[in-house]
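I have placed the structure first, in the form of structure tokens, so that the comments after it can refer back to it.
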Amino acid sequence: MELEEYMRTQLAERYRCFILCGAGLTGKTDRIKKAVKAMGGKYVDVLKQFTDEPPSKAIDSIRPEQFFGLFKLENDKIKK
């Protein structure tokens, strides 16, 4: 299934989000940004959240409530 087709099927789901992961330097970020823009969606850069954190904060130490809080914050921005 192509990425854009998968994204269209997700629009019919209750929770309309997904996470794209894979090997580094394979073009994931550029591809998803283009697809999201074409579909009128919102790209959320989770890694950017950590660039503002102290260096001692490891990316793999995020708790689920922090992760979902990030999406709630982004969703609230969209609604304004």
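The values are calculated or read from the model by the stated rules, or taken from the named source; none is laboratory data. Here the structure is a predicted model, which is why all the values come from computation and not from measurement. Methodologically, a virtual Cβ is constructed for each residue, glycine included, from the backbone with ideal geometry; neighbour enumeration extends over all protein chains shown.
Here are the numbers:
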item: Residue match in the stretch 15-31 (condition: at pLDDT below 85, in the same structural domain as Asn75 (by TED's automatic domain parsing), among the hydroxyl-bearing types (Ser, Thr, Tyr) and exposed (fewer than 10 other Cβ atoms within 10 Å of the Cβ)); result: no
item: Residue list for the stretch 5-32, restricted to those being of a type in the set (D, E, K, R) and more than 14 Å from Tyr43 (Cα to Cα); result: Glu5, Arg8, Glu13, Arg14
item: Extreme residue, modelled with the highest pLDDT, among residues of the stretch 58-77 that are over 14 Å from the mean Cα position of the chain (by Cα) and closer than 22 Å to Thr29 by Cβ; result: Lys77
